[in-house]
Amino acid sequence: MTRAISYIHTADVKRLRPFYEGVLGLSVVLADDDVLHLVYEGHPVRIITADGHKPGAMTVFGFETADIGAFLAALKDKGVIAERWHREQDSAGVWTGPDGEKIAWFKDPEGNMLSVVEAR
């Protein structure tokens, strides 16, 4: 069997656990001081301590949803607000691409950029 695994780097695994588990709803499989093994709808995600880690400006992990408005509203209820990147984003922070795909971005507590996509 072969499957994809996502890796998210952090300076502090313990600081990110409440966000990924409680806010985003990923399930914890295993945790220690340096790595957090999570799963989201069958997709394994590893959050790993990286000394000197600095979050980048580009997306490191994303979600696909059938209703981006509902996804963003649920995040907002938990204190997470969409980032403003493009002038064409609507009031909720959603950018609609030329093909009709809708995308919004938000950050985890360390500043790693995450995204949510509603495919057309």
Q) Looking only at the stretch 103-120, which residues have a backbone nitrogen under 18 Å from a spot 7 Å from the Cα of E64 in the C-beta direction? A) 103-105, 114-120
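Using only DSSP helix segments of four residues or longer, with each worth -39500 (n - 2.57), what per-residue ellipticity at 222 nm results for the chain after dividing by its residue count and rounding to 500? Working shown, then result.
Details: 2 runs with 15 residues, N = 120.
For the chain, the value works out to -3000 deg cm²/dmol.
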Q | Span per principal axis, largest first, for the Cα atoms of the stretch 5-120 (Å) | A | 41, 29, 25
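Quick check on the stretch 55-120: what are the equivalent-ellipsoid semi-axes from the Cα gyration tensor, as sqrt(5λ), descending, whole Å? It would help to have the intermediate numbers written out before the result.
On the way: eigenvalues 60, 37, 26 Å².
The equivalent ellipsoid of the stretch 55-120 has semi-axes of 17, 14, 11 Å.
Here, each number is a calculation from the coordinates, and none is a lab measurement. Predicted model only: the values in this text are computed from it and were never measured. Glycine gets a Cβ as well: all are built from the backbone with ideal geometry, and neighbour counts include every protein chain shown.
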